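What follows is calculated from the coordinates using simple rules that are stated; it is not laboratory data. All values reported here derive from a predicted model rather than from experimental measurement. For neighbour counting, all protein chains shown are included, and Cβ atoms are generated from backbone atoms with ideal geometry for every residue, glycine included.
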Amino acid sequence: MLKGKCPKCGKVYYGWALKAPRNQFCNICGLGLEITDDSGETITGYSPFDAMEYKVPDTDKTRKSQKT
Ligand SMILES: [Zn+2]
């Protein structure tokens, strides 16, 4: 069983659904969860807010190159 804990508000999520990236962030804060599996290994969950930040510069470059 997987256990995911929000580093900000401390809410804990349980279940294999945490394997899916869309379930790896806190419903309240939107932060990536600290997910622990049976072996005690901890991974940081996917956060849609982090992903958006990384995508912004790419989109801007693409737009500029399309104009010229
Ligand atoms: Zn939270």
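Charged neighbours of Cys26, selected by a Cβ distance under 12 Å, balance to +2 (K, R count +1; D, E count -1).
When Leu18, Leu33 are ordered from fewest to most other Cβ atoms inside 10 Å of their Cβ, what list results?
Leu18, Leu33
Placing a pseudo-label 7 Å from each Cα along the Cα-to-Cβ vector at Arg22 and Glu34 gives an inter-label distance of 2.8 nm.
Cβ crowding within 10 Å, taken as a proxy for footprinting-reagent exposure, orders Thr36, Thr42 from fewest neighbours to most as Thr42, Thr36.
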